[in-house]
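Taken together, the values in this text are just the output of simple stated rules run on the coordinates, not laboratory data. Because the structure is a prediction, the values reported are computed rather than measured. All Cβ positions, even for glycine, are placed from backbone atoms using ideal geometry, and neighbour counts span all protein chains on display.
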Amino acid sequence: MKKAIYQQKGDSIDYIPSSAVAAGDVIFFGDVAAVAKLDIPAGSLGSLAAVGMFNVEKDGNAIADGVPVYYNAVTGASATNSGTDKVMGVAVAAAVAGDAYVRVLLNAGKKDSGTAYSIATGVEVTAGTDNAKIVTAKAIKDAGIKAPAAAAAAIPNVAEAGADSANIISALNALLAAVRTHGVIAAE
């Protein structure tokens, strides 16, 4: 007997709302964020996007690129959690306080515990307090690496590399070496 039967790619989710949904509305299925592509009348089958980049209305605060973005149906997107907000994704472009929208990569940067780690330092990122680019640690932890900060010692700060391609290549090579050291990928 099959344990699972493939249904669809998963870029979109079929959805029949009990009340009308407007295009652009954000809907959560547990911790999975989805966005209505078109208006969906109550009781009618519609489709919600579960992946992609969206410009999302935000609160009045600045949001740095690379940080988790929380969603509140009243205030919009925010870099801080008011207590009941859920992570909808990661900001892929910075938004200043006066901007009406922030660009969000939907459902990116999430993991089972909500913990994210800085690429630059390897230490845990607290939303709204660290504007470093983040990476979730589930795959790294699944591979048996217990201390992301220890591996990060060998990883130079890519943000400091700037546009200098030699520094970027050096940073990427150091990252690959650190990942190989911990057995995440095979040695050359």
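Values as computed for the structure displayed
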quantity	calculated
Fewest-first sequence of K9, K37 by Cβ atoms within 10 Å of each Cβ	K9, K37
J(HN,Hα) series, the range 52-69, from Karplus relation 6.51 cos²θ - 1.76 cosθ + 1.60, nearest Hz, glycine and proline x	x, 9, 10, 7, 10, 4, 10, 6, x, 8, 6, 10, 6, 6, x, 8, x, 10
Pairs beyond 23 Å (Cα-Cα), from K2/K86; K37/K86; K3/K86; K37/K58	K2/K86; K3/K86
Formal net charge of residues neighbouring L38 (Cβ-Cβ distance under 14 Å; K, R +1; D, E -1)	-2
Long-range amide H partners of V92 with built H, under 5 Å	G66, R103, V104, L105
